[in-house]
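The values are calculated or read from the model by the stated rules, or taken from the named source; none is laboratory data. Since we're looking at a predicted model, the values are computed, not measured. Heads up, the Cβs are rebuilt from the backbone with ideal geometry, glycines too, and the neighbour counts pull from every protein chain shown. Just the protein is used for accessible areas: all its heavy atoms, side chains included, with ligands, DNA and RNA removed. Shrake-Rupley method; radii C 1.70, N 1.55, O 1.52, S 1.80 Å.
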Amino acid sequence: MDGLKILLTTITISLLSCQSKEEKLIGHWHEFEKGSDDFICCHTITDSMYTITMNVFDFMADSILKRGIDIQKNEVFTPQKKGAFGYDINDFFTSDFSVKENKVFIEDFIYWVKQKDDTSTFISHFSLGLLVDIHPFETNQTKFNFDLKQNSNVIFIAIGKLKKSTLQHSNKYNLDDYYLQLNDKISDIKDLKEFIFYELLERNEGSQTTLLINADKNVPKAFLSKFETEILNNGYQKNQIYYLTINPTKKVYGYNRIRTSIIK
């Protein structure tokens, strides 16, 4: 039996070594910058005869993006190439990469780590680029109330426990408490009024703006009730508040109205 295991392992290693570096890209990856434990992007890559198709899941400019891109097999995508970040996607292809075991190395400071494409990696995407951890409210639905593509007049707010990497930079926060992330700042509910006021002033928009809330499913009901009360006290209506909701089985997501009365 041990001899058979050794033989199978040898065959597997031989097959992998025969793969081109482009073929080794097929799969699901998380992208990291050296020196940071928090991944900055994720990629799902599939193969065709002439190209690889990449679905990029990225958190940029307060919005979650998911898109499919066909690129030549000898190139790979990186949004960090030469310091650029996500404007013209065609500028960010490179052939300067190497593949070793379960990692892809790009330039000097970026690498990808291969992941299992499962529920846990899907859920982890929603904390991408945030200072807080998010496991969104779950649903069996595959259709959602709010169409992000049809509505650009939105403000994003995140609610969750702080990531360990965030806590390392400050000792004034508590590991077990829930916080708001307003733009790139950790905040409390009392900061909402000023945040909403200046967001609308900067955009020159009225109170018809929709609030999209990326909240962890374990945020206490009392916290969310207090949070919504503060929003309503600032001139918003309940139909302007939507929460990020996922179907982990189908791996789809969207924004729904959720009453705090049904939250545990």
Restricting the stretch 116-135 to residues that are assigned to a loop (DSSP other than H, G, I, E, B) and out of contact with any Ser or Thr (no Cβ under 6 Å at 6 or more places or on another chain), which is nearest to Y179 (Cα to Cα)? L130
Of the conditions (1) of a type in the set (V, I, T); (2) touching a Lys or Arg at 6+ places or on another chain (Cβ under 7 Å); (3) open to solvent by 50 Å² or more (accessible area, probe 1.4 Å), T229 satisfies every one except a single condition; which number is it? (2)
Quick one: V113 ticks every box in (1) hydrophobic (A, V, I, L, M, F, W, C); (2) part of a strand (DSSP E or B); (3) closer than 17 Å to L244 by Cα bar one, so which box is it? (3)
Mind counting the residues in the stretch 35-51 that are out of contact with any strand residue (DSSP E or B) (no Cβ under 7 Å at 6 or more places or on another chain) and either free of Cβ contacts under 8 Å to residues at least 12 places away in the same chain or surrounded by fewer than 16 Cβ atoms within 10 Å (Cβ to Cβ) (or both)? 7
For the stretch 234-252, the count of residues that are free of Cβ contacts under 8 Å to residues at least 24 places away in the same chain and assigned to a loop (DSSP other than H, G, I, E, B) equals 1
Spot the failing condition for L167; the list is (1) open to solvent by 80 Å² or more (accessible area, probe 1.4 Å); (2) modelled with pLDDT under 90, and only one is missed. (1)
For the stretch 100-117, check the following and say yes or no: at least one residue is of a type in the set (D, E, K, R), on the phi > 0 side of the Ramachandran plot and modelled with pLDDT under 85. yes
For the stretch 52-73, indicate whether the set of residues that are touching a strand residue (DSSP E or B) at 6+ places or on another chain (Cβ under 8 Å), modelled with pLDDT of 65 or more, hydroxyl-bearing (S, T, Y) and not in a strand (DSSP E or B) is non-empty. no
